[in-house]
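Peer 1: The following block contains the structure, expressed as structure tokens.
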Amino acid sequence: MFHKFKQTFRLIKNRFSFGNYAYHYWFLPIQKNKIVVTAHEGRGYSDSPKYIIDELLDQHFDIVWLIQEGQETSLPAGIRPVRYGTKQALKELSTAKIWLDNCRKKYSPPKRKGQIYIQTWHSPLRLKKIEKDAEQQLPLAYLDRAKRDAKKCDYMLAGATFSRELYENAFWFQGEVLTTGTPRCDLFWKDTTAIRQRVADFFQVDVTTKFLLYAPTFRKEASLSVYLQEFTDLKRALQTRFGSDWKIFVRLHPNIASLAKELVYDSNVLSATDYPDMQELIATSDMLITDYSSCMFDMAIAGKKTILYTPDLTTYLRTERSLYFDIEELPFPIAITVESLVQEIHQFDEAVYQQNMQKFYEQTGLFEKGTAAIAIATKIKALCR
């Protein structure tokens, strides 16, 4: 009981000590050409906000990106970096016409009349239950932030009928859901030759290399105990089944990115946790192995191979998060041991996989077309007139 009281007191204290400071800037005018952007709480230039802003860089907007220290070099020319979570960030938000984010805002001022908040969210589809649907499994502080953030939000973006209904019913959201698709997934409709070369150059490997992307989600205990850490057998299976030389990208979830240094890498196992854009890794990779991460759906939208490795499925469902789909009914092969994972690679049937994917697209009402970023950029220009 005392712990819960302390948590509630800290929540209220932080809310008012930071948020009320923003009233200092209410005498300043709202600048109709200013857009303030955040992605993953300041962790670089990425996700759907990146692809929307790419369409606006030459449109004479004052674009401010709220970013953590050391991440400024990821920003292209034409964007003003401002340190995430600072008083200057509050000032920029207080005077911007447009707020653009992909997560619940941790630090934000009271929203002023005339300001527009566009929430892209950070997945086209979801496996893990979230927001109101996971209210008993989420921290009190997060729930408070989510409910306050929802009241400020004017628009959300959906890539499928499933997602639109989720935002309308589970996000405490009263605004408009735009069925544009997911801006970060537009990349999969484009020629990615230059991106593949950029990724190969970054990791100093040959551009003809094939890549397996291993990208598991986080656990509350924040440990590496259930993750793959030895990839020799997987590499051998990939080369036997599909030919060519394969290398493995290992990318941890942002919530546990600090643990990446505890893993062992070599010339075949490459640390990709700090690579600035997950979508570029997906566009470059030929296969994904994940567990409960929504990146499985991005890979599916890209039309590429995915296998689920879920050694802790029973424990995960009991202690971590419930799921929107029966995992056994998803279109992805599933393995619960390393041995069965290797076997799934050896017996991977591309034709059956694509048939199952098509059924899943129809089931979820997918309406990705590769035009979402342009649609939202056009919307922003109209709102700023």
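Peer 1: Of all residues being part of a loop (DSSP other than H, G, I, E, B) and at pLDDT 95 or above in region 136-154, which is nearest to the chain's Cα centre (by Cα)? Just the residue, please.
Peer 2: Cys153
Peer 1: Here's another thing I want to ask about it. Taking region 161-198, which residues are among the charged types (D, E, K, R), within 29 Å of Leu138 (Cα to Cα) and surrounded by 14 or more Cβ atoms within 10 Å (Cβ to Cβ)? Please lay out each step first, then the result.
Peer 2: Taking region 161-198 first, the residues among the charged types (D, E, K, R) are 164-165, 168, 176, 184, 186, 190-191, 196, 198.
With within 29 Å of Leu138 (Cα to Cα) added as a condition, the list becomes 164-165, 168, 176, 184.
Within region 161-198, Arg164, Glu168, Arg184 meet the criteria.
Peer 1: Which condition does Tyr51 not pass, out of (1) in a loop (DSSP other than H, G, I, E, B); (2) under 19 Å from the mean Cα position of the chain (by Cα); (3) of a type outside the set (Gly, Ala, Ser), if it passes all the others?
Peer 2: (1)
Peer 1: Does region 119-130 include one or more residues that are free of Cβ contacts under 8 Å to residues at least 60 places away in the same chain and charged (D, E, K, R)?
Peer 2: No, that holds for no residue.
Peer 1: Also, quick follow-up: Which ranges mark the strands (runs of 3 or more DSSP E) fully within region 175-251 that have 1 or more residues being small (Gly, Ala, Ser)? I'd like the intermediate steps shown before the answer.
Peer 2: Details: elements: 176-178, 210-214, 246-250.
Passing ranges: none, list empty.
Peer 1: Another question, then. Quickly run through region 132-173 and pick out the residues that are of a type in the set (S, T, N, Q) and either within 19 Å of Ser48 (Cα to Cα) or not assigned by the TED database to the domain that holds Val37 (or both). Walk me through how you get there before you give the answer.
Peer 2: Of all residues in region 132-173, those of a type in the set (S, T, N, Q) come to 136-137, 161, 163, 169.
Scanning region 132-173 gives Thr161, Ser163.
Peer 1: Return only the number of the condition from (1) farther than 21 Å from Lys111 by Cβ; (2) out of contact with any Gly (no Cβ under 9 Å at 6 or more places or on another chain) that Asp58 does not satisfy.
Peer 2: Status for Asp58: all satisfied but (2).
Peer 1: Further question on the same structure: Could you list, in sequence order, the residues of region 235-271 that are open to solvent by less than 10 Å² (accessible area, probe 1.4 Å), in contact with a strand residue (DSSP E or B) (Cβ under 7 Å, 6 or more places away or on another chain) and in contact (Cβ under 8 Å) with a residue 60 or more places away in the chain?
Peer 2: Leu238
Peer 1: List every residue pair whose Cβ atoms sit under 9 Å apart, with the two residues 6 or more apart in sequence or on different chains, where the first one lies in region 328-345 and is touching a residue at least 60 places away in the same chain (Cβ under 8 Å) and the second, anywhere, is of a type in the set (Asp, Glu) and open to solvent by 40 Å² or more (accessible area, probe 1.4 Å).
Peer 2: Partner pairs satisfying both residue conditions: Val338/Glu230; Val338/Asp233; Leu341/Asp233; Val342/Asp233.
Peer 1: Criterion first (outside any helix (DSSP H, G or I), outside the structural domain of Arg219 (by the TED database) and surrounded by fewer than 23 Cβ atoms within 10 Å (Cβ to Cβ)) does Arg80 satisfy it?
Peer 2: Values: outside any helix (DSSP H, G or I): yes; outside the structural domain of Arg219 (by the TED database): yes; surrounded by fewer than 23 Cβ atoms within 10 Å (Cβ to Cβ): yes.
Yes, satisfied.
Peer 1: Could you check region 56-77 and list, in sequence order, the residues that are closer than 16 Å to Asp101 by Cα and part of a loop (DSSP other than H, G, I, E, B)?
Peer 2: Within region 56-77, Leu56, Gln68, Leu75 meet the criteria.
Peer 1: Answer with yes or no whether Thr179 is polar (S, T, N, Q), in contact with a Lys or Arg (Cβ under 8 Å, 6 or more places away or on another chain) and touching a residue at least 40 places away in the same chain (Cβ under 8 Å). Write out each step before concluding.
Peer 2: Working: polar (S, T, N, Q): yes; in contact with a Lys or Arg (Cβ under 8 Å, 6 or more places away or on another chain): yes; touching a residue at least 40 places away in the same chain (Cβ under 8 Å): yes.
Answer is yes for this residue.
Peer 1: Let me ask you something else. Picking from Glu329, Glu339, Glu350, which residue would you name as being of a type in the set (Asp, Glu), in contact with a Lys or Arg (Cβ under 9 Å, 6 or more places away or on another chain) and outside the structural domain of Ile118 (by the TED database)?
Peer 2: Numbers: Glu329 fails: in contact with a Lys or Arg (Cβ under 9 Å, 6 or more places away or on another chain); Glu339 fails: in contact with a Lys or Arg (Cβ under 9 Å, 6 or more places away or on another chain).
Selected residue: Glu350, the only one of Glu329, Glu339, Glu350 that is of a type in the set (Asp, Glu), in contact with a Lys or Arg (Cβ under 9 Å, 6 or more places away or on another chain) and outside the structural domain of Ile118 (by the TED database).
Peer 1: Before we move on, is Ser267 part of a loop (DSSP other than H, G, I, E, B), modelled with pLDDT of 95 or more and farther than 24 Å from Leu138 by Cα?
Peer 2: Values: part of a loop (DSSP other than H, G, I, E, B): yes; modelled with pLDDT of 95 or more: yes; farther than 24 Å from Leu138 by Cα: yes.
It is true that Ser267 is part of a loop (DSSP other than H, G, I, E, B), modelled with pLDDT of 95 or more and farther than 24 Å from Leu138 by Cα.
The values are calculated or read from the model by the stated rules, or taken from the named source; none is laboratory data. Not measured: the values here are computed from a predicted model. Glycine gets a Cβ as well: all are built from the backbone with ideal geometry, and neighbour counts include every protein chain shown. SASA here: full protein model, heavy atoms, side chains in, ligands and nucleic acids out. Shrake-Rupley method; radii C 1.70, N 1.55, O 1.52, S 1.80 Å.
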